[in-house]
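The values are calculated or read from the model by the stated rules, or taken from the named source; none is laboratory data. This one's a predicted model, so the numbers in the text were calculated from it and none came from an experiment. Because the Cβ atoms are built from the backbone with ideal geometry, glycine has one as well, and the counts that use them run over all protein chains shown. Each accessible area value is taken on the protein alone, full model and side chains, heavy atoms only, with ligands, DNA and RNA left out. Shrake-Rupley method; radii C 1.70, N 1.55, O 1.52, S 1.80 Å.
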Amino acid sequence: MREPVKRLVEAGRVLAVQEDNDGRHTARITLQDGQLYLHSLLRQPTPAHAHTLPENEVVGMLDPSCTLTFLDLGWAGSTRGRVTIRLTPDTPLARQFVLLCTGQRGHTYRNTKLLGVMNKGQQWEYVVGGDYESNDGKGGAPLLPHLQGQYWESGRAGTVACAWPRALDKRAQFIITTRERQDGLKFSGVFGEVVSGLDVVRAAVNHTDIREVTVVDCGVVLPL
């Protein structure tokens with residue numbers, strides 16, 4: 001990244017813009033710890049003197065074989081940390097996850113709650129999230145019509161998988177496992193893994209009420 005562009009990004013003056021029938025939506029582009037991030041689209045005014053790029057061109061920079069997304073989790077009035085997730089290459093669930101992290105289809109994981117923690121304290125402990133519709137676990141309809149694909153199985157901590165692989169009306173919901181499975185069993189429908197920030201998810205598990213944990217922001221990591 002050339003120095004003048006770097007200074008503009010650091011100053012928050014570079015935005016990705018999407019124009020559709022609902023008007024203009026903008027997404028911040030930020031540079032943090034040597035990583036370039038595209039945040040989710042929001043309906044908000046474009047600041048004066050901002051430099052804008054078409055959002056679809058920015059997303060087109062992504063390498064489909066190495067897609068990184070992020071969820072910023074917060075509770076008790078503050079953001080607690082960033083969870084970075086590497087998605088498996090070119091699978092429908094991974095593509096859907098990107099759409100819900102960027103807001104390209106109008107829906108986003110931003111401001112959604114974690115819905116529950118399952119098997120707390122046991123080796124198959126995991127959290128559930130992703131109900132962008134009703135935010136209570138009853139919604140989370142898929143954005144893509146066909147989500148069948150070749151998915152792997154995993155029992156590792158940090159596994160990201162479809163929460164309801166057989167419930168066709170909730171297949172945007174996801175799980176993140178927080179402990180390694182020692183019984184040889186594995187989760188199916190896996191489409192990603194946490195590469196940093198698993199400690200944030202584990203801290204959320206130990207919060208008094210998991211439903212107070214919110215995805216305060218989300219997006220994708222862009223190549224520099």
Within the stretch 165-211, which residues are over 19 Å from K120 (Cα atoms) and out of contact with any strand residue (DSSP E or B) (no Cβ under 7 Å at 6 or more places or on another chain)?
R166, A167, L168, D169, K170, A172
Taking the stretch 113-171 as the region of interest, how many residues are of a type in the set (S, T, Y) and open to solvent by 30 Å² or more (accessible area, probe 1.4 Å)?
4
I'd like the residue in the stretch 116-140 that is under 15 Å from the mean Cα position of the chain (by Cα) and touching a residue at least 60 places away in the same chain (Cβ under 8 Å) and, out of all such residues, is farthest from R179 (Cα to Cα).
G129
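Which members of the stretch 141-164 meet the condition of being more than 18 Å from the chain's Cα centre (by Cα) and under 15 Å from T88 (Cβ atoms)?
Applying the first criterion (more than 18 Å from the chain's Cα centre (by Cα)) to the stretch 141-164 yields 145-146, 148-156.
The answer is Q148, G149, Q150, Y151, W152, E153, S154, R156.
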Just to be sure I understand, how many residues within the stretch 1-49 are open to solvent by 40 Å² or more (accessible area, probe 1.4 Å), in a loop (DSSP other than H, G, I, E, B) and closer than 24 Å to I85 by Cβ?
3
Among the listed residues T69, T26, T52, identify the single one that is closer than 21 Å to R110 by Cα, modelled with pLDDT under 95 and not basic (K, R).
T26
In the set T108, T69, T79, T52, which member is open to solvent by less than 60 Å² (accessible area, probe 1.4 Å), in a strand (DSSP E or B) and touching a strand residue (DSSP E or B) at 6+ places or on another chain (Cβ under 9 Å)?
T69
From the set of residues in the stretch 184-209 that are open to solvent by 20 Å² or more (accessible area, probe 1.4 Å) and under 24 Å from R171 (Cβ atoms), which is modelled with the lowest pLDDT?
L185
Of the residues in the stretch 141-189, those that are out of contact with any helix residue (DSSP H, G or I) (no Cβ under 9 Å at 6 or more places or on another chain), in a loop (DSSP other than H, G, I, E, B) and touching a residue at least 60 places away in the same chain (Cβ under 8 Å) come to D183, L185
